[in-house]
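As structure tokens, the structure follows; a few thoughts come after it.
The values are calculated or read from the model by the stated rules, or taken from the named source; none is laboratory data. The structure presented is a predicted model; accordingly, all values stated were derived computationally and were not measured. Neighbour counts are summed over all protein chains in view; Cβ atoms, including those assigned to glycine, are modelled from backbone coordinates with ideal geometry. The accessibility values were calculated without ligands, DNA or RNA, using every heavy atom of the protein model including side chains. Shrake-Rupley method; radii C 1.70, N 1.55, O 1.52, S 1.80 Å.
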Amino acid sequence: MTDKAYYVTTPIYYVNDAPHIGHAYTTTAGDVLTRWHRQRGEDVWYLTGVDEHGTKVQRAAEAGGVSPQEWVDRLVADAWLPVLGTVNAANDDFIRTTSDRHKLAVQRFWEVVRDNGYVYAAPYAGPYCVGCEEFKLVGDLVAGEGDFKGQQLCPVHGRPVEQVEEDNWFFKLSALAERLIAHYETNPDAIQPQSAYNEVMSFLRQGLMDISMSRSSVKWGIPLPWDSDQVVYVWFDALLNYITAVGYGADPGTAEAELFERTWPVDVHLVGKDILRFHAVYWPAMLMAAELPLPRKVFAHGWLLVGGEKMSKTRLTGIAPAQIIDHFGADAFRYYFLRAITFGNDGSFSWEDMSARYTSELANGLGNLASRATAMVEKYCSGAVPAPSVYTEADLRIQQQLVQAVVAADAAYLALDFSAGIAVVNGFVEAVNRYVTEQEPWKVAKDDSQIERLHTILYVLCDSLRAIAVLHHALMPRVTALMWEQIGAVVLGDIADQRVQHAATWGLLPVGAHVTKGEILFPRLEDPVEA
Ligand code: MSP
């Protein structure tokens, strides 16, 4: 028996175009979450990837004048793989739906579901949104205005839907509604936040209709094993990535089969709220039909908005992650989006807000604390962490605050409340900044008889920085690794190997560790930002 890994996924992104910060947002959240769990000492598996089939990608390739395969190969290599480096994601795997491992396992899965009696042939007629790659219900649509007057629009894309009529294969979703309701009644935490849970439950309680699992008018996809004139409907191909990437269907005894045992069922599917229904209704229904265990949790986050609307390429409002990261750095990018927006809510990005938080919370808050502390150890102790002597009440208060911060930050991160977790660590940074101001080590240093007090204050600062670096490492891997070096904590090993649960154990930073002021963690923003 293999131990179960903490398995987290992002949606797989359509490669009709290059990524924008809405996509990078989910990847970043998943990365912070999985880094945190790794630092708790857990076995972790973090998967991301791309969704390469379907009409949307096929049309983008046609518009670009190349074959779909050339189109996706180029975009994946030039844009989707590099963006992982840009945001500093440490994913364990990257799945492409055009890979053989995926295609073969998708065919195997649908054979099983068909053998289990959940697939039948029937004609389909109705509206379809290519932007969502979704068969729409008439009740989902909104009436168009202006250029689109008289037409029915997709509410997500603000574009007219298309009428589709074709002979398809259907998935017997209707047969599974009751079981889904029962499952979510017994597992109310399986969909979060609460608003997402409520939305899914009310959708389920209206009853479910069967849904096409294949397309006969689409060519760019995975052929049905029993009807090669049709391809698997792109969502019923894409959702399977979560199991095909971890070895679903592999022969027993192989490394792939072992990975499946180690990872499935998934712990958290991170998704945007627009694709909740696919993940919390269709996906578990597919798994039930194949007699596989269901995901433990689907967490639906909100949208990054521009002018009050979902940022998107269709609306020409997409901002490339590099536009922000070239200016602020990846750590500040990760910090900003997870701190400024409560995970689960929508949020607007603005250069002004980001600059303001960068300056006050990062440069003046954390950056200033680290540079003051390291400068003083260099100046007063020749760069060697001094030995503490008797702790005063103020020193002990810092140590207690740290204990509380670790407990609260861990609870918040485990609950995917990133903003709250970051606020807790920031609160501790502020407390230590206040401590320096109150203790005035620069004055204490003038009195030779107080050398022990000076050393104690500086030790409190350095060991606090050690803990802060550990607690902020999942969020800001590069800057915290720099801090780690600057306070000489490398003697404790790699920062990524430091357990968050032990961060409050006082006195871990060895006396005599070598402190250097080094690179400024958050340089002042000099250039005016271009909006
Ligand atoms: N390919 C499907 C997902 C298949 S998963 C089995 C898809 N792709 S997508 O590229 O359109 O969107 C991927 C994710 O990016 C979704 O979770 C979506 O919510 C998210 N975002 C796209 N635009 C976004 C914002 N403006 N803000 C936040 N997230 C956004 O859907």
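For the chain, the cysteines with no partner cysteine C-beta closer than 4.7 Å are C381, C462. In this structure, the amide hydrogen of S348, modeled 1.01 Å from its nitrogen in the peptide plane, lies closer than 5 angstrom to those of L305, counting only residues at least 5 positions away or on a different chain.
Note on E178 and A394: the extension gain reaches 71.9 nm, defined as 0.36 nm multiplied by sequence separation minus the Cα-Cα distance. Beta bridges from DSSP with both residues in region 165-300: antiparallel share about 55 percent, rounded to the nearest 5. Checking every one of the trypsin sites (Lys or Arg not before Pro) in region 433-531 against DSSP loop status and a limit of 14 other Cβ atoms within 10 Å picks out K446, R499, R524. Considering only beta bridges that DSSP places wholly inside the chain, some 50 percent are antiparallel. For the chain, the relative contact order is 16 percent, taking Cα pairs closer than 8 Å that sit 6 or more residues apart in sequence and dividing their mean separation by the residue count.
Take the Cβ atoms of I319 and K446, set R0 to 41 Å, and the FRET efficiency comes out at 0.20.
List residues of region 29-59, by number, whose backbone nitrogen lies under 13 Å from a label position 7 Å along Cα→C-beta of L508. Correct set: 39-41.
Equivalent-ellipsoid semi-axes for region 351-502 (Cα gyration tensor, √(5λ), whole Å, largest first): 26, 17, 16.
Taking every C-alpha pair closer than 8 Å and separated by at least 6 residues, the mean separation divided by the residue count of region 351-502 gives a relative contact order of 28 percent. Taking every Cα-Cα distance in the chain and sorting them into 10 Å bins starting at zero, the pair-distance distribution P(r) comes out as 3, 17, 26, 23, 15, 9, 5, 2, 0, 0 percent. Span-like helix criteria (full DSSP H runs; alpha carbon extent of at least 27 Å along the helix axis; mean Kyte-Doolittle hydropathy of at least -1.0) are satisfied in the chain by 393-414, 418-439, 451-471. Solvent-accessible area assigned to carbon and sulfur over region 351-502 amounts to 53 percent, based on a 1.4 Å probe. Rolling a 1.4 Å probe over the protein heavy atoms gives region 351-502 an accessible area of 39 Å² per residue. Of S464, P321, A474, which is farthest towards the positive pole of the chain's charge dipole, taken about the Cα centre with +1 and -1 on the beta-carbons of Lys, Arg and Asp, Glu respectively? Looking along the dipole axis, the top candidate is S464. Per atom type, region 148-187 shows carbon and sulfur on 47% of its accessible surface, probed at 1.4 Å. Computed about its Cα centre, the charge dipole of the chain is approximately 680 debye, with only Lys, Arg, Asp and Glu carrying charge at their Cβ. Can you compute the FRET efficiency between R296 and A121 using 1/(1 + (r/R0)^6), with r the Cβ-Cβ distance and R0 = 35 Å? Round to the nearest 0.05. Efficiency computed from Cβ-Cβ geometry: 0.55. When the Cα centres of region 352-429 and region 495-518 are compared, how far apart do they sit, in Å? The two parts, judged by their Cα centres, are 13 Å apart.
Per-peptide packing, taken as the mean over residues of other Cβ atoms within 10 Å, places 343-353, 66-76 in the sequence 66-76, 343-353 from highest down. A cut-off under 14 angstrom between Cβ atoms defines the neighbours of V490, and their net charge, with Lys, Arg +1 and Asp, Glu -1, is -2. Cα centroid separation, region 461-481 to region 1-25: 26 Å. Counting only residues at least eight positions apart within a chain, or on another chain, the lysines with an alpha carbon under 18 Å from that of K172 are K136. Is any residue of region 342-357 close enough, with backbone N under 19 Å, to a label point placed 7 angstrom from the Cα of L525 along the Cα-Cβ axis, and if so, which? Under 19 Å, as judged by backbone N against the label point of L525, lie 342, 347-357 of region 342-357. Cross-link pairs exceeding 24 Å between alpha carbons, from the set K4/K297; K219/K297; K443/K517: K219/K297.
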